[in-house]
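Below is one structure, written out as structure tokens, with a few remarks after it.
The values are calculated or read from the model by the stated rules, or taken from the named source; none is laboratory data. Keep in mind it's a predicted model, so treat the numbers as computed, not measured. With ideal geometry, Cβ positions are generated from the backbone for all residues, glycine too; neighbour counts draw on all protein chains shown. Just the protein is used for accessible areas: all its heavy atoms, side chains included, with ligands, DNA and RNA removed. Shrake-Rupley method; radii C 1.70, N 1.55, O 1.52, S 1.80 Å.
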Amino acid sequence: MADKQATLTYNDKTIDVPVLEGSVGPEVLDIRKLYGQTGAFTYDPGYKSTGSCESALTYIDGDEGVLLHRGYPIGQLAEQSSFMEVSYLLLNGELPSKDELDDFTYTISRHTMLHEQLSTFYRGFRRDAHPMAIMCGVVGALSAFYHDSTDISDPEQRKIASHRLVAKMPTIAAMAYKYSVGQPFLYPDNSLSYTGNFLRMTFGVPAEPYEVVPAVEKAMDRIFILHADHEQNASTSTVRLAGSSGANPFACIAAGIACLWGPAHGGANEAALNMLREIGTPDKIPHYIERAKDKNDPFRLMGFGHRVYKNYDPRATVMQKTVREVFDALKVNDPLFETALRLEELALQDDYFIEKKLFPNVDFYSGVILSAIGFPTTMFTALFALARTVGWVAQWNEMISDPAQVIGRPRQLYTGPTQRDYVPVGQR
Ligand code: CMC
């Protein structure tokens with residue numbers, strides 16, 4: 001029983017509501033018994049005040065702009081760690097020793113190939129299919145191929161399914177890209193790093209050797225770290241909800257990819273760059289800021305605002321710095337970066353954005369970098385999905401191991417007709 005209790009009075013009845021405390025962050029009112037005790041549900045569309053689970057993976061303090069994975073600040077991980085190390089951390093709870101990291105990296109590299117039949121599956125998609133449509137389909141299709149890792153009650157099988165997903169995602173994303181440009185698929189090269197291998201499978205061709213540019217590899221790896229997990233966001237909650245019924249792990253991740261695709265979530269990186277291209281030069285910015293503020297105009301500043309961050313998204317800070325590193329390494333200078341910087345500056349001086357606490361989020365600068373590296377905008381969200389897969393599987397594993405978790409089943413405030421008798425069609 002929780003030490004602290006809140007009391008709730010409803011319909012002349014007073015009940016105790018246990019108050020739960022996490023290791024850090026706001027206290028949480030435990031309303032699990034509310035319906036049984038009062039006959040009433042809570043109403044919280046969008047879950048603005050609702051915690052759906054206990055988790056030890058990721059902590060966000062949106063007011064202070066803090067993001068921690070297993071306690072480690074995202075800035076430190078992005079600067080000093082690698083995506084493989086962060087993946088191990090998310091999946092296992094602690095940073096690996098050197099041997100553990102080598103073992104994990106080796107294991108992941110042994111799972112990078114796809115079943116050969118899956119390449120036929122790709123060819124069923126229209127040539128102009130969006131990579132996210134392909135990703136949803138192909139990742140869902142993995143459930144038809146890897147039957148030996150789908151008994152979710154067996155921790156070992158869950159581990160293998162998790163490793164397979166993390167390992168195969170770069171291959172799947174790169175193949176989606178290759179298919180869209182009409183180039184042959186490239187098999188993984190396990191002598192390269194996780195990220196280097198992905199860059200080669202994406203931009204290499206069988207006709208000539210591909211050289212990974214270290215600065216690009218580092219930047220890409222950092223982008224993967226920045227997207228690895230983000231607490232109970234829409235796609236992660238989708239994966240957890242799908243998984244709560246005991247569904248196939250590959251199908252659950254396909255559900256997460258589908259949710260991520262939306263422009264309010266992972267699709268914002270594509271939308272943000274398209275918006276910057278539409279704005280073009282800094283002199284047009286005031287017009288677009290006015291549009292974003294106009295309630296009668298559906299236009300929003302993409303890459304701005306966040307459900308949880310009411311301060312600068314710490315991932316955006318790292319992302320902005322990475323833009324310059326990539327530009328220097330590739331000797332490019334996209335004028336859209338200047339437009340983005342100026343847009344941020346002007347928006348952050350504007351009362352509308354100040355009052356609503358709207359700051360740049362992770363997607364605001366990522367498009368400029370990804371475009372400089374050579375990715376078309378349609379691949380941006382696919383890259384997000386690739387990186388977020390480790391977070392999804394870590395959260396999915398945590399959920400399945402948690403004895404308190406039951407099938408997710410929200411209730412509703414019903415506003416439809418009350419009971420009425422059926423009228424045969426000829427009498428209506
Ligand atoms: N431009 C203009 N106004 C905005 C924006 C924006 N980008 N974001 C929020 N607002 C306004 C909104 O109109 C509302 O105003 P009012 O209170 O007058 O009705 C207020 O700010 C609160 O917005 P909300 O939509 O109720 O807030 P939310 O927490 O439900 O939405 C959000 C968060 C991320 C969906 C929203 O900020 C948004 O649509 N941003 C643009 C899309 C985007 O960049 N998404 C990426 C999120 S980060 C990556 C990820 O985790 O997927």
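Being over 20 Å from P45 (Cα atoms) and either at pLDDT below 95 or more than 15 Å from the ligand (Cβ to nearest atom) (or both) is a property that A228 lacks.
Inspect all residues belonging to region 33-54 and state whether any of them is more than 30 Å from Y10 (Cα to Cα) and open to solvent by less than 40 Å² (accessible area, probe 1.4 Å). No, there is no match, as no residue in region 33-54 is more than 30 Å from Y10 (Cα to Cα) and open to solvent by less than 40 Å² (accessible area, probe 1.4 Å). Checked against (1) within 22 Å of T377 (Cα to Cα); (2) crowded, with 21+ Cβ neighbours inside 10 Å; (3) more than 11 Å from the ligand (Cβ to nearest atom), V239 meets all criteria but (1). Residue count for region 259-302, restricted to those that are open to solvent by 80 Å² or more (accessible area, probe 1.4 Å) and within 8 Å of the ligand (Cβ to nearest atom): 4.
Mind listing whichever residues of region 57-72 are out of contact with any strand residue (DSSP E or B) (no Cβ under 6 Å at 6 or more places or on another chain), closer than 24 Å to S162 by Cα and open to solvent by less than 70 Å² (accessible area, probe 1.4 Å)?
We begin by selecting, within region 57-72, every residue out of contact with any strand residue (DSSP E or B) (no Cβ under 6 Å at 6 or more places or on another chain); these are 57, 61-66, 70-72.
Still in the running and closer than 24 Å to S162 by Cα: 57, 70-72.
Within region 57-72, L57, R70, G71 meet the criteria.
Entry remark, region 57-93: residues being at pLDDT below 95 and closer than 14 Å to S23 by Cβ number 0 in total. Just to be sure, is P184 within 21 Å of the chain's Cα centre (by Cα) and open to solvent by 40 Å² or more (accessible area, probe 1.4 Å)? Criteria not met by P184.
The condition of being under 15 Å from V393 (Cα atoms), surrounded by 21 or more Cβ atoms within 10 Å (Cβ to Cβ) and either at pLDDT below 95 or touching a strand residue (DSSP E or B) at 6+ places or on another chain (Cβ under 9 Å) (or both) holds for only one of S143, S149, S162, that being S149. How many residues does region 275-322 hold that are farther than 15 Å from L343 by Cα and either in contact with a Leu (Cβ under 9 Å, 6 or more places away or on another chain) or of a type in the set (D, E) (or both)? Final tally of qualifying residues: 11.
What residue, of Y210, Y106, is part of a loop (DSSP other than H, G, I, E, B) and open to solvent by 30 Å² or more (accessible area, probe 1.4 Å)? Every option except Y210 fails the conditions. Scanning region 345-380 for residues that are more than 9 Å from the ligand (Cβ to nearest atom) and either in contact with a His (Cβ under 9 Å, 6 or more places away or on another chain) or part of a loop (DSSP other than H, G, I, E, B) (or both) returns Q349, D350, F359, S366, G374, F375, P376, T378. Of everything in region 394-428 that is of a type outside the set (G, A, S) and closer than 14 Å to A56 by Cα, the residue that is surrounded by the fewest Cβ atoms within 10 Å (Cβ to Cβ) is D402.
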